Amino acid sequence: MSGKRDLMNVFNRRVAVLGALGAAGFGSVIVRLGYLQVENTLNTLRGKTSYSDAVDENRFDLHVLPPPRGILYDRFGEVLANTSPNYRVMVVPEATQGRLEDVLRQVGALLNLPEDVIEARIRKAKRARRFDSMLVQEGLDWQQFSAVNVFLPELPGIKAEAGELRYYPYKSAFAHPIGYVQRPSQLEIDRSEISNPGAGIYLRNPDVRVGRSGLEARLEPSLQGVAGWRKVEVNATGRVVSETVGQSRKPVDGAGTILTLDGPLQRAAMERMGGESAAAVIMDIQSGEVLVLASAPGFDPNAFVNGIGSEEFKTLNENEYKPLFHKAVTGAYKPGSTFKIVTALAALQAGKDPAERHNCPGYYVYGGRPFHCWKKGGHGSVDMHGALKGSCNVYFFQAALRAGQDRIAAMARALGFGTAFDIDLPAVQAGIVPDQAWWESQHDDPFPSGMTLNTGIGQGDLLVSPLQLSVATARLASGMAIEPILVRETLGRSGTTAPRSLDVPKEHRDIVLAGMYAVCNEPGGTAISGGDLQLVRDPSSGRAVPLEQGPGFERVRMAGKTGTAQVRVISAAERVTGVKRNEDLRWGLRDHALFICVAPWDKPRYACAVVVEHGMAGSRVAAPMARDILRVALMDDPLGRTPTTLAQIQGKGRRA
Amino acid sequence: MTLQINNPRPTSLADRLRKMHWLIITLLCALAAIGVLMHFSVTDGSWTGRPVDHATRFGIILVFVIGISLLDSRIWIALAYPLYVLALVLLIGVELIGVTRLGAQRWLELGPIGLQPSELMKIAIVLALARYYQNLDPRRTGQILPLLTPIVMIGVPTALVMHQPDLGTALLIAGSGFGLMFLAGLRWRYIIAAAAVALPSAIYAYFFVLQTYQRQRVVTFLDPDADPLGAGYHQLQSRIAIGSAGLFGQGYGEGPQSQLDFLPEKHTDFIFTMIVEEFGLFGAFLVVGLFVWLLTLVMRVSVQAKSLFARLAAGGVGITIALYVLINTSMVIGLVPVVGIPLPLLSFGGTAMLTIMAGVAIVLSIHLNRDASTSRSFVW
């Protein structure tokens, strides 16, 4: 049995070896267990993410309480942007009991979603974090919402919720000044997450929208309010296990904001501009408060709140009439003859006698080349008053030469051109006011004095915005360097500072204003047909009423200046064969039509500027448009009434 | 047919019960009780459901185990080959049925307790190999045939189980099989030769031939069922739970990772994590300590047995239990990939418990008959 004995000895030794191996195995398990504890402690001490932190991260969830976005009111408290219930359906993939696809298809059928949308949601849900809720569809109507609610017991993992979303009751009317909100982009979420982890949680909340254009974008911090949060304990499926973990913060509502806009007047302006590609601005010449800031055609900002379809966006974005473009503030146009008010003031400042007459044969030769007047055959002999009334180019060529490029530029800046006004909007146009230094910075050769002739009649390199045109008109009429404002009252802001007076003598302004009066009211005026308000003042009430209500009453009149800005260059050859009529050109090549005006003449209060893109003629298209809008303004006279305050609105809300 | 018995085995039932290895049974009960406690920890204060099921299952199996261990230990040697053949046939049968049913059927329903043929194989391989070496002339252990026969006996079921696919069980079968070969006196030169070839080439392949994603894929390919939620999730949550536990844990019923379901498979494969989370390093030492104690007792039974078969069978059971516990604990603390091996006696589910308890029944039976020595010329 020696073999057996050997075998038993071998066996015992082998058991010992295995025992040692086992001890090593269990030893390393224990060492590893201990090491994890040490690692946890060290990471805690070093301030790094420890396992304990990871547990808390798992265990506690910050439930964001997004505050309602600040309501936007017009000057009399009419609601221009508020919030409305947003019914939506969410899904938690983990909680669908393995029926994710099936459940989403059922929801899709209940909501009548198109097949491709359902497929897209299924794909997205499969990639989404299993324990997070994912948005299936929002902006549901009550029928859809209740349909899903009825079937909820059969749809594991589906949640039907009601949140609050931005709503613009007047749709397109205020789309440009107010702008719109959109869901934050993934890039924004990622970025804010890097700078502040809490912000990412806030932005991911399905109720959260951020201002994307207009006031919504610029007033974002105050409109957004301050998000509240509640720390809750959740399980792995995201279900709240305990609400009372302790910490929480109440949300602070977004700040209500009163705008200077007059709701009905803005809507009237939008309606009057109709299908034109146009912009209209009306402001108070004394305070700079903007009553109308309208760009046509409009678009429905509500379409952006829940995510606009790419097809719909493409249609808007590629439309020749540029509905998404804020023409009134961001648009840049050659001012054309409306700029002659600047040239006139600059020439007067240079000492030009307004009574001095120049003969207009229809052209003016300077530097060996002819500069044309718009009127074939010319105006004959005109003084400044007549030149403004008839918008004589030849007179203003000579007035411009008298003033000089830099004096004209300085006067333009004094009236507000070349300035990007701070009116709480993004992308405010500064425009271009070319002086000699500017010209030389843009070109290699010295400033050619012939440029001054172009500048004098509002052509050349000049670029102005409709807002600037109305500011210039208001400054001319008031003699004050008013600044345009769009926000009357918001969080921590109310009232305005008194504007300084304009450094232009009253006599000079009166000469120009008289010329503008002639434009609308004297024979030979370029806006004699389109510049008549057809209003009279009712002596008993002092209000402006339509002419037919009191033919004998004193007329309410306005003063204005037409402008027609070339979009194309007219060649010498074309001059010979005859300049093409605007009507024969395709829309995009036709001249822009402009008109600036101020009313009522006896006691100026409203300044108005209208630009109609490719509208062909200021006198025929822009002037009647401005007149019709101003007519509404004068009859309604919003500046004659006391605007409302946030305190009044909130007081009303409390009583209600 | 000769049967040589040096000492008479205990005769009366009372005598046998008195000589029963009660310490091992106590340890089993302690471990199972910890399992019940942990299952109760994650119910909402109700014993019904997992805690009661676990206790009931353990109780029934334990009664059977004690009953079986009272039987004549020679039945094990008699059953060794038949059991192995039966397990092999069932494995092949499951393989064939599995093919026709797209792998849906791996279970055989035996009354109230489902049994997987692969589980039966875990015990059968130990018995069959012990039986093989029992009859092997020690002088022949260096020859080729006695070397190759056990390798084939291990290799065939391992390959079948791996093809199911069930990497964890295949590892266990192969591990206990080769462990038993080692105990039986496998020459060191073969071991060294095998290691010299296999280890470097495996290491080389793993680190230099395979890309990271392929390494991951190796594990996933071998056992796709083990880790369906994405490779990292289970182990990450487990490491978080363990790392945050500290010396004494978060307290019974207070482990957030377990209680709030962040820890997946906490009832089954990851129950050790839950123990550590709620009882800390102390709890880990306790459970590991109990298992080590149990293993020590099993190996002592093995060493004290007279017959080679008994020694190898008990040793093989010890190796199986050790592999279960080592692989499971290493898996939940992230030392080895997740391969789907439960912690015996604690994890919920009857399969591993049945396997381990069957093994323990063999050990208890060998202990009762520790003085019996069967001759190597013994033929049933």
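Just so it is clear, none of the values below were taken in a lab; they were calculated from the coordinates. Remember, predicted model here, so these are calculated numbers, not experimental data. Here Cβ is always computed from backbone atoms with ideal geometry, including for glycine, and neighbour counts include all displayed protein chains.
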Practice task
Compute the Rg to Rh ratio over the protein assembly as shown from the alpha carbon atoms, using the Kirkwood formula for Rh, and round to two decimal places.
Solution key: 1.26
Completion exercise
For segment A:1-99, shape from the Cα gyration tensor axes a ≥ b ≥ c, cut at a/c of 1.5 then a/b versus b/c, turns out oblate
Fill in the blank from the handout: Place a point 7 Å from the Cα of A:W142 in the direction of its beta carbon; the residues of segment A:73-115 whose amide N falls under 18 Å from it are A:83-89
Handout entry: Cβ charges +1 (Lys, Arg) and -1 (Asp, Glu), total dipole of segment A:61-259, debye
Key = 340 debye
Handout entry: Considering only the protein assembly as shown, percent of DSSP beta bridges that pair antiparallel, nearest 5
Key = 95 percent
Completion exercise
For segment A:377-460 the chymotrypsin sites (Phe, Trp or Tyr not before Pro) that pass both the DSSP coil test and the at-most-12 other-Cβ-within-10 Å test are none
Practice task
Starting with the highest mean, order A:257-268, A:53-64, B:240-251 by the number of other Cβ atoms within 10 Å, averaged over the residues of each peptide.
Solution key: A:257-268, B:240-251, A:53-64
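With Cβ to Cβ distances under 10 Å as the rule, what net charge do the other residues near A:G615 carry (K, R +1; D, E -1)?
Combined, the nearby Lys, Arg, Asp and Glu give -1.
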Completion exercise
Taking every C-alpha to C-alpha distance in segment A:208-299 and binning by 10 Å from 0, the per-bin percentages run 14, 25, 25, 15, 10, 11, 0
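Hand me the trypsin sites (Lys or Arg not before Pro) from segment A:294-386 located in a DSSP loop with no more than 12 other Cβ atoms within 10 Å, in residue order please. The partial results should precede the final answer.
Values: sites: A:K314, A:K327, A:K340, A:K352, A:R357, A:K375, A:K376; in loops: A:K352, A:R357, A:K375, A:K376.
Taking segment A:294-386 and a limit of 12 other Cβ atoms within 10 Å, the loop trypsin sites (Lys or Arg not before Pro) found are A:K376.
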Practice task
Note down the nm distance, to one decimal, between modelled labels 7 Å out along Cα→Cβ at A:S449 and at B:V52.
Solution key: 11.1 nm
Handout entry: Of A:C608, A:T644, A:V556, farthest towards positive along the dipole that unit charges on Lys, Arg, Asp, Glu beta carbons give segment A:500-656
Key = A:T644
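Can you check what the net charge comes to around A:L453, using other residues whose Cβ is under 12 Å from the Cβ of A:L453 (Lys, Arg +1; Asp, Glu -1)?
Cβ neighbours under 12 Å give a net charge of +2.
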Handout entry: For segment A:61-259, radius of gyration divided by Kirkwood radius, i.e. Rg to Rh on alpha-carbons
Key = 0.99
Completion exercise
So, over other residues within a Cβ distance under 15 Å of A:S52, counting Lys, Arg +1 and Asp, Glu -1, the net charge is -3
Fill in the blank from the handout: With a 25 Å threshold on alpha-carbon distance, the violating pairs from A:K231/A:K652; A:K124/B:K266; A:K340/A:K376 are A:K231/A:K652; A:K124/B:K266
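For an R0 of 56 angstrom, estimate the FRET efficiency from the Cβ-Cβ distance between B:I203 and B:E254 and round to the nearest 0.05.
Calculated transfer efficiency: 0.85.
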Problem - Estimated inter-spin distance, A:T44 and A:F76, nm [label 7 Å along Cα→Cβ] - result: 6.6 nm
Exercise for the section: Mark the label point 7 Å from the Cα of B:W188 along Cα→Cβ and return the residues of segment A:5-30 whose backbone N is within less than 16 Å of it. Expected result: A:7, A:9-21
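Would you mind ranking B:L295, A:L42 so that the residue whose beta carbon has the fewest other beta carbons within 10 Å leads the list?
A:L42, B:L295
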Fill in the blank from the handout: The rounded separation in angstrom of the Cα centers of segment B:249-267 and segment A:464-523 is 72 Å
Practice task
Determine the distance separating the Cα centre of segment A:251-320 from the Cα centre of segment A:535-601; give it in Å without decimals.
Solution key: 23 Å
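Just how large is the dipole of segment A:67-179 about the Cα centre, in debye to the nearest 20, putting +1 at every Lys and Arg Cβ and -1 at every Asp and Glu Cβ?
360 debye
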Problem - Listed residue (A:V394, A:Q144, B:Q235) projecting farthest to the positive dipole end of the protein assembly as shown, Cβ model - result: B:Q235
Exercise for the section: Give me the distance in nm between label points sitting 7 Å out from Cα along the Cα-to-Cβ direction at A:K322 and B:L17, one decimal. Expected result: 10.1 nm
Problem - Test item: Cα-centred dipole of the protein assembly as shown, Lys/Arg +1 and Asp/Glu -1 on Cβ, debye - result: 2700 debye
Problem - Those lysines that a straight Cα-Cα span of less than 22 Å connects to A:K171, excepting residues fewer than 8 apart in one chain - result: A:K314, A:K322, A:K327
Handout entry: Charge-dipole axis of the protein assembly as shown as Lys and Arg at +1 and Asp and Glu at -1 on Cβ define it, positive-most pick from A:G479, A:A355, A:F26
Key = A:F26
Exercise for the section: Taking chain A as the reference, fit the longest principal axis to its C-alpha atoms, fit the long axis of helix A:466-478 to the helix C-alpha atoms, and give the angle between the two in degrees, 0 to 90, nearest 10. Expected result: 50 degrees
Problem - Sites A:E583 and A:K250 - FRET efficiency at Förster radius 60 Å, r taken between beta-carbons, to 0.05 - result: 0.40
